[in-house]
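Please read the structure below before turning to the comments.
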Amino acid sequence: MNRFELDMEQYRKLARQAAADGCVLLKNEAEALPFKKKERIAVYGRIAFTYYKSGLGSGGLVNTGRVDSILEALQAEDLVLDEKLISIYEAWIQENPFDEGAGWGKVPWSQKEMPVTDEMLTCAADADAAVIVIGRTAGEDQDNTDAPGGYRLTEEEEQLICQVCQKNARTIVVLNVGNIIDMSWVEKYHPHAVLYTWQGGQEGAAAVADVLTGRVNPSGRLTDTIAGKISDYPSDSCFGSEIENEYREDIYVGYRYFETFARDKVQYPFGYGLSYTTFSIEGKIVPESEKSNHTELEIRVCNTGDTAGREVVQVYVQLPQGRLGQPLRRLTAFYKTELLQPGESEVRRIQVADRDLASYDESGVTGCRSAYILEEGQYAFYVGGNVRDAVKAGECYRNARIVEQLQEALAPTKEFRRIHPVQSKDHMEISWEKVPIRTVDPQERRSEELPEELAQTGNAGWKLVDVLDEKVDLDTFTAQLSDEDLIEIFRGEGMCSPKVTAGTAAAFGGLTESLRNYGIPAACCADGPSGIRMDCGTRAFSLPNGTALGCTFDQELVEELYTMTGQEIRLNKIDSLLGPGMNIHRHPLNGRNFEYISEDPYLTGKIAAAQVRGMNRHGIAGTIKHFCANNQEKARSRANSQVSERALREIYLKGFEIAIKEGGARSVMTTYGPVNGLWTSGSYDLCTTILRKEWGFDGIVMTDWWAVANYEGQSGDKYTKAPMAAAQNDLFMVTADAIDSVQEDDMQKQLEAGWLTRGELQRNAENILGFLLKSPALLHLNGRICQEELDAMNRKEEGDVLASDLKYLNDNANGCILIHGEMLSPKSGHADVFGIHLKKEGDYRICMKMRTQLGGLAQIPVSVYCNNTLKTMISIQGSEGKWLETDRELDHMMAGNHYIKFYYGANGLEIDQIRIYRM
Ligand code: BGC
């Protein structure tokens, strides 16, 4: 193995550790866990037989090799599993196969569970312990529901838990779910142990076995508050509208709300999680640190139990209420200890910068408008193992001061009311106040800040690599580009562009001949976040989901893991991963919470920054998404998020800010929908004022796939693309072809009309070129990847096709082969292969007639291979039941035998017929 090859053993090890360290033990009465060797275990629940490695949609389509089930992982342990119970399940599953659903918007969130029988229950009675596995997937384009089979357990699942608990006092419920689910059943049926294991990627099941057997002592902690019921969450009354959601809870998201106003509604607090051992945590403020602009804490953790383990230390601050009003707790630092042996202690000193104690005053109520400020008063620090148990480590006094003066940006234009805390005698009460509204028009701001135009020179012979070699500066290089070049470089191509690695989400940069003549490479980006998505069926490593990574509270581990991912991406000739996903868990039913990290922005930012740093080590850019406030899937391209500027800055933007400033993120994806009336892809304040001017971001910003934009006051529209370019959303993702897309946008028209300036287009081009200058694509194009690395890249396994799989078809007199729909099974991950016999040599084309009942933004890719080589990818967007025909060039083929393969990337496709014909 040369030094560039991926060390798969190490990759598996790190992924398995992350999946295990993310497991959160919520309950463990009478030391129900861990299992001891040779114990007799009865395993219940169909999901024990089919592991959910991740949710679905763009973030879930990683073509992994084998994924073990939890049952298989337990079978590999020194345990005695109840074989009779296994065969009862196997027989039932045969009759009741796993329902794959159709397409990513229609996948069932749960599977039918086997009804409980007496025969099954005798197995529980005979065993030392029973394990029940409950599972949920999650998805894109749809939210979860507060219904049985969604957020809540089904009747069958409840019955299973209820009855097994009655027969076996040592019953353990294992949750293989993307994000939190309703937990009210714990108090009803009293299982002895409950373990959240999330969706742990391809190594997830082995990680579950590590924890159940005690090889790994659980050290995951909840990244969300689990409340008694959905309506307890403060966003619940303003979530799910297809038109507009007012973020009335403002900054009081998750524990910020519950710890301040509704402590008794909490079932499991933020940061909670048990271990097989116990710890004591003591923190104190280091006195001399108070004089500087940070606070130093000394924290001692001692393992007071009898098993080695790791503790998560969490530091919260309580700010003075001042004039702004504050939640009673804010996470301001955290770390994970080393593995501590029984009796062993660890002492660490950590610093909390005043910047992390600051709040944003958008109205000037403190006397300092549009600034991050400290209000005068005592700042109390709490240290502990979760938000509820953290105890006071001391206080420090701060005078009122401005930490950072900014300017109003992205404020709402419509009035609405938000939560404001009021101190009553012994508790905080909710009052409501008006949200300050916008006073600065972002378009006026933009016109005052227009960049200077570079005088166009035409081709002066400079190639992009000359900028890398410092022979010429970027301005001189960019001045060569024509208006067409500047418009075409704004257009990415996808899905599955043949110009880059097969099956990926997009190509961008040098896509046209003219741009390529300047030595601009075509760069490649692929979904993300939990592994590489290559729709042509190329295998990739599947990682634990965002929530699981968050629950590790371990930045070093996540960085190590994503360093391997960075290497894997690089070896696949991809420049950027479309992840991490880092939207805030505003509401437990958001369909994509599984991809995201937490309800807390600080934790979200730190974990995402670790992912980005890891990939950066191999020159791979993490694309942090979705910027910002992408907090529901329903009507995601339409529903307007009405959010105060303070909540945006302190909650919804904060994580992105951390990932950029601390993680060095170089790529950002905007959302499908609008925030405060402006579609994010065309929001100048979001993509320029805040992102670039305040945070100093100098990378690329891309739209989400086929996203729309608007002119203020109008609604989002496909044709409207000039506001994207004007906002410095540099790339529109995706067109079918960067040149043929002229009719699809208003770029040329608005350039001619003077609404969009050449200087703006040149600035966007420079953002993209600046990105390419740091990307592997440029090194490839210029032969600057060493031979050893190239060898590592070229060692790929081709999709094997067995001769016995082949059906043979002959062409007719006109050189045409017809494949009827009945001959195909277009199911996700499946390939149909045919042997074909052609009478004449010639150029052949392929025409597919297909449809899907899915709508709008659903994507179903079909990869077409000839003789084991990918020839084309045909991707259908949701056609809402309409038949569509796509006609493509296939190949030049000799007379004789060939084979052709169709690989389907998702469910929900119907094919009427496929014609392969000679031109
Ligand atoms: C998702 C993005 C994803 C893109 C490309 C969109 O549907 O929202 O997160 O990266 O597709 O697949």
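The values are calculated or read from the model by the stated rules, or taken from the named source; none is laboratory data. Being a predicted model, the structure only gives us computed values, none of them experimental. Glycine gets a Cβ as well: all are built from the backbone with ideal geometry, and neighbour counts include every protein chain shown. When the accessible area is computed, the model is the full protein with side chains, heavy atoms only, and any ligands, DNA or RNA have been set aside. Shrake-Rupley method; radii C 1.70, N 1.55, O 1.52, S 1.80 Å.
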Surface share of carbon and sulfur [accessible, 1.4 angstrom probe, percent] for the chain: 46
What accessible area per residue comes out for the range 470-793, rounded to a whole number of Å², with a 1.4 Å probe? 24
Mean projection of the alpha-carbon convex hull of the range 470-793 over all orientations, in nm²? 15.7
Only four residue types carry charge here, +1 at the Cβ of Lys and Arg and -1 at the Cβ of Asp and Glu. Report the dipole size of the chain about the Cα centre in Debye, rounded to the nearest 20. 420
Nitroxide proxy distance, nm - points 7 Å out along Cα→Cβ at residue 95 and residue 278: 4.9
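Over the range 23-218, calculate the relative contact order: mean separation of alpha carbon pairs under 8 Å at least 6 apart, over the residue count, as a percent. Walk me through the intermediate numbers first.
Values: 359 pairs, mean separation 68.6, N = 196.
That works out to 35 percent.
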Could you list which residues have their amide H under 5 Å from that of residue 294, counting only those 5 or more apart in sequence or on another chain, with H placed in the peptide plane? 354
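Stokes-Einstein diffusion coefficient for the chain at 20 °C in a medium of 1.002 mPa s, Rh from the Kirkwood formula over Cα pairs: what value in µm²/s? Before the final figure, lay out the partial values.
Working: Rh = 28.9 Å.
D, rounded to a whole number, is 74 µm²/s.
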Can you report the principal axis dimensions of the range 234-376 using only the alpha carbons, biggest first, rounded to whole angstrom? 53, 42, 23
Within the range 470-793, how many lysine pairs that are 8 or more places apart, or on different chains, have C-alpha atoms less than 18 Å apart? 14
Cα lying deepest toward the dipole's positive end in the range 470-793, options 627, 514, 778, charges on Cβ: 627
Straight-line reach only, C-alpha to C-alpha below 16 angstrom: list the lysines that residue 807 could link to, leaving out same-chain residues fewer than 8 apart. 901
Rounded accessible area of residue 893 (nearest 10 Å², 1.4 Å probe): 0
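Could you work out the equivalent-ellipsoid semi-axes for the range 499-590, taking the square root of 5 times each eigenvalue of the Cα gyration tensor, largest first, in whole Å?
Values: eigenvalues 172, 44, 32 Å².
Computed over the range 499-590, the values are 29, 15, 13 Å.
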For the range 23-218, what is the percent of antiparallel DSSP beta bridges, rounded to the nearest 5? 20
Starting from the Cα of residue 145, step 7 Å along the direction of its Cβ; do the same at residue 744; then give the gap between the two resulting points in nm. 3.4
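Return the percentage of antiparallel bridges among DSSP beta bridges fully within the chain, rounded to the nearest 5 %. All intermediate terms of the calculation are to be shown ahead of the outcome.
Working: 108 of 149 bridges.
The answer is about 70 percent antiparallel.
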C-alpha center-to-center spacing [the range 648-681, the range 881-919] in angstrom: 40
Restricting things to Cα coordinates, could you compute the convex hull volume per residue of the range 136-241 in Å³? 121
Mind checking which lysines have their Cα closer than 20 Å to the Cα of residue 188? Skip sequence neighbours fewer than 8 apart in that chain. 27, 167, 229, 265
Could you tell me the relative contact order of the range 806-918? Use alpha-carbon pairs under 8 Å, at least six residues apart, and round to a whole percent. 42
Quick check: pseudo-label points 7 Å beyond the Cα along Cα→Cβ at residue 84 and residue 790, how many nm apart are they? 6.5
In whole Å, what are the Cα extents of the range 23-218 along the three principal axes, biggest one first? 43, 32, 32
Can you tell me the relative contact order of the chain? Whole percent, Cα pairs under 8 Å, sequence separation 6 or more. 12
Which value, in Å² and to the nearest 10, is the accessible area of residue 396 when all protein chains are kept and the probe is 1.4 Å? 0
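Using only the Cα atoms of the range 806-918, what semi-axes does the equivalent ellipsoid have when each is the square root of 5 times a gyration tensor eigenvalue? Give whole Å, largest first.
Numbers: eigenvalues 122, 35, 29 Å².
Ellipsoid semi-axes (Å, largest first): 25, 13, 12.
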